[in-house]
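Below is one structure, written out as structure tokens; comments come after it.
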Amino acid sequence: MAILINNRKYDVIVIGAGPSGVSSAVNCAKKGLKVLIVDLNSNTGGQIYRAPPKTYKSISKKLKENEIQKQLSNEIKKFKIETAYNHTVWQVSPGFKVNAFNETSTIQWQSKSLIIATGTYEKIIPFEGWTIPGVIGLAACTIILKAHHFIPSKKIVLAGNGPLLMLVAYYVIQFGGKIDAIVDTSSKIDWIKSSFSLMTNPKNFRDGIKWVFKIFLNRIPVYSNSTIEKAFEVDEGIKLKIRNLKTGKAKNIISETIAIGHGLIPSTDITRLLRAEHIYDEQKGGWIAKVDRFLRSSVRGVYLAGDGAGISGALAASDKGLLASSTLLYDEKIISQKEFDQNTYKILKKLDKYEVFSKAISKLNSTPKKIIENIDNGTVICRCEDITKSEILRAVDQGARDINQIKSWTRLGMGPCQGRTCQYAASKIVAEYLNYEIDNLGYLTGRSPIRPVPLDRVLGDFDYEKITKVEAAPL
């Protein structure tokens, strides 16, 4: 395929077309800036409001997430913002040059400023058998439910922690599935303690009550303060062992699918690539790019929006996009100090209110020390490179003392996911083993390409006969 290089320049490139990216792009476009919004999906929405495939002419159930996605798409069209959907960003370099590829070619754009709204990806703490067929992520399950409107199987076990467990359970029931069990690392007391903070966000709190009521009416067994210790394939599907973290009691269940997730991790691929300063904040999801109150990063011209700047939830995402774009407009002297203050005052007050809610969610999504200790030495931690816990600890015993040294010793994080799946769990394991603070281990250095690039997009069209042949160099 021919390589397409587009040298068109933009005032702002927004990477990510979720609610924060869309609100950023619209806010800049309103002021007359030339904006490009880029996303690897086929439309706006991001992960939370993911659009159904265009080939779906009609869908049997109308979900509110689908309606919100349409509103986001209409906003982009209304302000005639240029879009590059189905484009995967694989490199961003100073300047700012953004390289991406689609189904046919590679492409490059350039921009004076950059708003990164790439959101999060799911966190899964490994256990024996987590790589077998039929084990999927909770977030992946939401994509199947919201975007494709079907359930992964008729019988399913949901495991992990946080409100996503209840949301997925609600949708599985809505679509006619049977939930064999919900396995929650949090205790019932944890939920009760968090409920007072969750009430600060009435809309989400009401949704949560609706989900729990649905689960109660369907008499779904809920195993609190518990985790999946082991899973293996049997004739009937998947057999899993559930272990109570407090009492140690175990129970076996057979189901068809396990959907598991232990919260979310902010996406830092691009900020690490640009060598922005990062800090570790467990409450905000782990490693995040360091930003000021107005979402400026340490790299001039780079702004963070949405949960990529620290997890605050879907309702805060749009406001974070407005805040980041307003800061950009002020820095570029497009709006005055007075307008900037007026724009940001109300937004900051709302975001401070959302923080109370997000702290409660963070506590429910916290990783119990015991599930890290319970990981067996033979369990695969890096599934791309098939690296086990024992191989990681062997590297530590041989002298590796940070995550990049462990990467060099073992190849952990060198596969297609570039450490997105394994870095958190590996760091937790090593921190416990060495009695370190997790931030002492550092984070994986950003490397290009941040996503695998198909060779046919890069090589272009050529005839072998036309290749310039270079004579062998003398010894």
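Cross-link partners among lysines for K338, C-alpha distance below 25 Å, same-chain residues fewer than 8 apart left out?
K30, K31, K34, K112, K320, K346, K349, K350, K353
Find the centroid of the Cα atoms in segment 419-442 and in segment 278-320, then give the distance between the two in whole Å.
Distance between centres, Cα-based: 21 Å.
Once you order the gyration tensor axes a ≥ b ≥ c over the Cα atoms, which shape class does segment 375-441 get: rounded for a/c under 1.5, otherwise prolate or oblate by comparing a/b with b/c? Display every interim value, and only then the final one.
Values: a/c = 1.45, a/b = 1.31, b/c = 1.11.
Rounded, since a/c falls under 1.5.
Determine, from the Cβ-Cβ distance of D376 and F216 and an R0 of 30 Å, the FRET efficiency 1/(1 + (r/R0)^6), rounded to the nearest 0.05.
My answer for the efficiency is 0.30.
Amide H to amide H under 5 Å from Y10: which residues, 5+ apart in sequence or cross-chain, H placed 1.01 Å off N in plane?
Long-range HN contacts for Y10: Q110, S111, K112.
Please list, or write none, the aspartates and glutamates whose alpha carbon is within less than 14 Å of the alpha carbon of K155, excluding same-chain residues fewer than 8 places away.
Correct list for K155: D180, E236, E256.
For segment 394-406, just list the computed ³J(HN,Hα) in residue order, Karplus coefficients 6.51, -1.76 and 1.60, θ = phi - 60°, integers in Hz, with x standing in for Gly and Pro.
Coupling constants for segment 394-406: 5, 5, 5, 4, 8, x, 5, 10, 9, 5, 6, 5, 4 Hz.
Just to be sure I understand the model, the point goes 7 Å from the Cα along the line to the Cβ. What's the resulting E233 to K338 distance in nm?
With each label point 7 Å from Cα toward Cβ, the separation is 7.0 nm.
Assuming R0 = 30 Å, can you tell me the calculated FRET efficiency for the pair T131 and D281, based on Cβ-Cβ distance, to the nearest 0.05?
0.55
What are the ³J(HN,Hα) couplings of segment 255-263, residue after residue, when phi is run through the Karplus curve with 6.51, -1.76, 1.60 and θ = phi - 60°? Round to Hz, x for glycine and proline.
9, 9, 9, 10, 10, 10, x, 10, x
Taking amide H positions as placed 1.01 Å from N in the peptide plane, with prolines and chain starts having none, which residues 5 or more places from Y223, or on another chain, fall under 5 Å of its amide H?
Answer set, sorted by chain and number: I182, V183, D184.
Based on the Kirkwood radius over alpha-carbon pairs, what value in µm²/s does the Stokes-Einstein equation return for the translational diffusion coefficient of the chain at 10 °C and 1.306 mPa s?
Roughly 67 µm²/s, to the nearest whole number.
Note the full-extension length gain between T247 and K359 as 0.36 nm times their separation in residues minus their Cα-Cα distance, in nm to one decimal.
Gain in length upon complete extension: 37.6 nm.
Taking every pair of alpha-carbon atoms in segment 124-262, what share in percent sits in each 5 Å bin, from 0 to the bin with the longest distance?
All Cα pairs considered, the percentages come to 2, 10, 20, 24, 21, 13, 6, 2, 0, 0.
When we measure straight from the Cα of K249, which aspartates and glutamates land under 12 angstrom away, once same-chain ones fewer than 8 places off are left out?
E229
What list of ³J(HN,Hα) couplings, whole Hz, do you get for segment 182-190 from phi and the Karplus terms 6.51, -1.76, 1.60, once you set θ to phi - 60° and write x for glycine and proline?
10, 10, 10, 5, 7, 8, 4, 5, 4
Take the eigenvalues of the Cα gyration tensor for segment 232-355, scale each by 5, and report the square roots as semi-axes in whole Å, largest first. It would help to have the intermediate numbers written out before the result.
Values: eigenvalues 360, 51, 33 Å².
Its equivalent ellipsoid spans semi-axes of 42, 16, 13 Å.
Let me have the 222 nm mean residue ellipticity of the chain computed from DSSP H runs of 4+ only, each contributing -39500 (n - 2.57), with the sum over all residues rounded to the nearest 500.
Value at 222 nm, helices only, nearest 500: -11000 deg cm²/dmol.
Just to confirm my understanding: which cysteines in the chain have no other cysteine beta carbon less than 4.7 Å from their beta carbon?
C28, C141, C384, C417
No lab work stands behind these numbers, since they all come straight from the coordinates. Please read all numbers here as calculations on a predicted model, not as lab measurements. Glycine also receives a Cβ, built like all others from the backbone with ideal geometry; neighbour counts cover every protein chain displayed.
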